[in-house]
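Some notes on the structure that comes next.
The values are calculated or read from the model by the stated rules, or taken from the named source; none is laboratory data. Every value quoted in this text rests on a predicted model; they were computed, and no experiment measured them. All Cβ positions, even for glycine, are placed from backbone atoms using ideal geometry, and neighbour counts span all protein chains on display.
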Amino acid sequence: MSEFDAIILGGGAAGLMCALTAGQRGRRILVLERADQVGKKILISGGGRCNFTNIHTAPDRYLSANPHFVKSALSRYTARDFLDLVERHGIAWHEKTLGQLFCDGSARQIVDLLLDECAQGDVQIRCGEDITAVDHADGRFAVRTQTGSWSAPALVIATGGPSIPKMGATGFAYDLARQFGLKVVEPRPALVPLTLGGEDVLFRELSGVSTEVIAQAGRNAFREAALFTHRGLSGPAILQISSYWRPGDPVFIRFLPDQPDGWLPEAKRANPRASIKSLLSHALPERLATALAERIGLQGDIGNLPDKALIAAENRLAKWEFHPNGSEGYAKAEVTVGGISTAELSSKTMEARKIPGLYAIGEAVDVTGWLGGYNFQWAWASGAAAGSAI
Ligand code: FDA
């Protein structure tokens with residue numbers, strides 16, 4: 001059995017960051033990756049350009065049972081730190097929107113960066129390794145795969161969450177955590193399209209239509225584009241809100257978010273011959289304007305409609321109630337909310353409080369970022385925190 005200072009299970013964003021950090025500190029590190037190559041989710045991220053961080057990273061952009069947990073790691077490894085690394089590797093980048101930083105070229109550059117940094121730390125990476133057993137005795141962890149056995153005094157769980165099973169994602173991290181008696185916060189798909197049924201099903205006719213809205217679930221609201229799909233609702237505003245949405249809850253959509261209160265009575269005075277549909281068509285895609293006008297049901301010239309009816313229509317447009325009947329699930333979810341409970345881990349080192357030497361990082365942990373580079377920043381920050389400790 002070969003011996004290392006630490007074994008990292010999973011060669012994704014968090015695992016590779018942890019490996020390069022520890023390797024460059026002179027630690028002997030082994031990464032065991034089940035897939036045939038490392039960083040597969042990085043390669044498909046950001047439409048192939050990897051939205052590798054967000055310059056507005058802050059603890060309030062993360063969901064976790066303990067919202068304070070992320071503070072330490074995020075403050076010690078910042079978006080600027082990762083950007084410095086990107087720039088040191090000569091990777092050209094741009095800000096797309098809302099602080100989201102993307103490669104100009106390809107996500108492959110980020111994987112190459114991580115592999116290059118790992119090589120500088122003499123990290124050993126073995127792909128195609130299926131973990132068959134993990135044992136813990138006398139302060140050492142022994143990991144077996146179909147090809148061999150390795151042991152180390154530190155073991156890092158970096159195998160991600162179950163989102164996108166087609167890519168081989170599973171709940172392996174949770175099973176392993178439970179094996180060691182660590183609690184797991186019930187996982188659910190997040191950053192995921194929502195499906196519509198019942199009366200809302202008629203909106204599916206609008207498949208392909210997109211418009212800027214404010215989407216709200218509970219007390220959380222996001223202003224971005226929403227997209228109607230043949231199954232329901234998607235687009236960044238919906239993906240964001242999906243992380244907060246619970247089955248049974250309504251989602252409220254504010255159409256025309258820039259229209260001030262009283263805009264319809266105002267329009268009636270300025271243009272009494274207009275119809276609701278023609279007014280909506282000025283600001284919304286034609287098909288959406290038609291569908292909304294039909295559902296509002298006020299026919300004819302607005303000059304003939306009472307202000308009260310116009311205000312009611314305005315209020316409906318500002319808080320259109322949808323009742324999603326579900327989500328598209330892990331098959332389409334970019335991330336997973338929930339995971340290994342932060343109550344089990346040190347927020348400084350990511351080490352399990354009751355099992356010294358055991359660490360958990362990245363998406364495997366009950367920390368989930370907003371859409372827009374926040375999840376990779378958590379992977380880098382938690383990976384760096386554990387990599388500095390092992
Ligand atoms: P990650 O899933 O990256 O890595 C886990 C690794 O462990 C994988 O390589 C896996 O093969 C391996 N593994 C799993 N089980 C194993 C086992 N039993 N034994 C050994 N290895 C095992 N985020 C963002 O910030 N910006 C973006 O642009 C995007 N875009 C995006 C697009 C799509 C389509 C998806 C699905 C996701 C994103 N994300 C994103 C989210 C981001 O990809 C995610 O948060 C990180 O990859 C999480 O990093 P981890 O290293 O924790 O897990």
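How many residues are over 11 Å from the mean Cα position of the chain (by Cα) and surrounded by fewer than 24 Cβ atoms within 10 Å (Cβ to Cβ) when one looks only at segment 334-378?
So the first thing to find is which residues in segment 334-378 are over 11 Å from the mean Cα position of the chain (by Cα), and the list is 338-362, 364-366.
Add one more test, that the residue is surrounded by fewer than 24 Cβ atoms within 10 Å (Cβ to Cβ), and what stays is 338, 341-344, 346-349, 351-358.
Total satisfying the criteria: 17.
Across segment 295-323, what is the number of residues that are of a type in the set (K, R), within 40 Å of the chain's Cα centre (by Cα) and farther than 28 Å from G232 by Cβ? Spell out how you get there, then give the answer.
Going through segment 295-323, the residues of a type in the set (K, R) turn out to be 295, 308, 316, 319.
After this cut, where a residue has to be within 40 Å of the chain's Cα centre (by Cα) as well, the list is 295, 316, 319.
Among the residues that remain, those that are also farther than 28 Å from G232 by Cβ are: none.
Summing the residues that are of a type in the set (K, R), within 40 Å of the chain's Cα centre (by Cα) and farther than 28 Å from G232 by Cβ in segment 295-323 gives 0.
Residues that are in contact with a Ser or Thr (Cβ under 7 Å, 6 or more places away or on another chain): find the helices (runs of 4 or more DSSP H) completely inside segment 1-107 holding 1 or more of those. Let's see the steps before the verdict.
Numbers: elements: 13-23, 40-44, 71-76, 79-88.
Once the helices (runs of 4 or more DSSP H) in segment 1-107 are filtered for at least 1 residues that are in contact with a Ser or Thr (Cβ under 7 Å, 6 or more places away or on another chain), what remains is 13-23, 71-76, 79-88.
Please tell me if W370 is in contact with a strand residue (DSSP E or B) (Cβ under 7 Å, 6 or more places away or on another chain) and either over 12 Å from A177 (Cα atoms) or within 10 Å of the ligand (Cβ to nearest atom) (or both). Please lay out each step first, then the result.
Values: in contact with a strand residue (DSSP E or B) (Cβ under 7 Å, 6 or more places away or on another chain): no; either over 12 Å from A177 (Cα atoms) or within 10 Å of the ligand (Cβ to nearest atom) (or both): yes.
Criteria not met by W370.
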The number of residues in segment 259-270 that are touching a residue at least 24 places away in the same chain (Cβ under 8 Å) and exposed (fewer than 14 other Cβ atoms within 10 Å of the Cβ) is 2
Residue under evaluation R223, criteria (1) buried (at least 18 other Cβ atoms within 10 Å of the Cβ); (2) within 19 Å of N51 (Cβ to Cβ), criterion not met:
(1)
For L239, state whether it is more than 20 Å from R287 (Cβ to Cβ) and either of a type in the set (G, A, S) or assigned to a helix (DSSP H, G or I) (or both).
yes
Please tell me if T147 is assigned by TED's automatic domain parsing to the domain that holds W378, more than 12 Å from the ligand (Cβ to nearest atom), β-branched (V, I, T) and over 20 Å from the mean Cα position of the chain (by Cα).
yes
Could you go through segment 321-332 and let me know if any residue there is within 30 Å of K268 (Cα to Cα), assigned by TED's automatic domain parsing to the domain that holds K277 and away from the ligand (no atom under 13 Å from the Cβ).
yes
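Among the residues of segment 276-290, what is the count of those that are crowded, with 17+ Cβ neighbours inside 10 Å and over 17 Å from G208 (Cα atoms)? Before the answer, list the steps.
Narrowing segment 276-290 to residues crowded, with 17+ Cβ neighbours inside 10 Å: 276-277, 279-281, 284, 288-289.
Adding the requirement that they be over 17 Å from G208 (Cα atoms) leaves 276-277, 279-280.
Selection size over segment 276-290: 4.
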Of everything in segment 48-67 that's touching a helix residue (DSSP H, G or I) at 6+ places or on another chain (Cβ under 7 Å) and away from the ligand (no atom under 13 Å from the Cβ), which residue is nearest to F222 (Cα to Cα)?
P59
Does any residue in segment 153-180 that is in contact (Cβ under 8 Å) with a residue 12 or more places away in the chain and part of a loop (DSSP other than H, G, I, E, B) come within less than 7 Å, Cβ to Cβ, of a residue that is of a type in the set (S, T, Y) and within 9 Å of the ligand (Cβ to nearest atom) six or more places away or on a different chain, and which pairs are these?
G161/T336; P162/T170; P162/T336; S163/T336; A169/S163
Identify all residues within segment 26-43 that are within 12 Å of the ligand (Cβ to nearest atom) and loosely packed, with under 14 Cβ neighbours inside 10 Å; write none if there are none.
D36, Q37
Just to verify a result, which residue in segment 44-67, among those that are over 13 Å from the mean Cα position of the chain (by Cα) and on the phi > 0 side of the Ramachandran plot, is surrounded by the fewest Cβ atoms within 10 Å (Cβ to Cβ)?
G47
Being more than 8 Å from the ligand (Cβ to nearest atom), hydroxyl-bearing (S, T, Y) and in contact with an Asp or Glu (Cβ under 9 Å, 6 or more places away or on another chain): is that true of T21 here?
yes
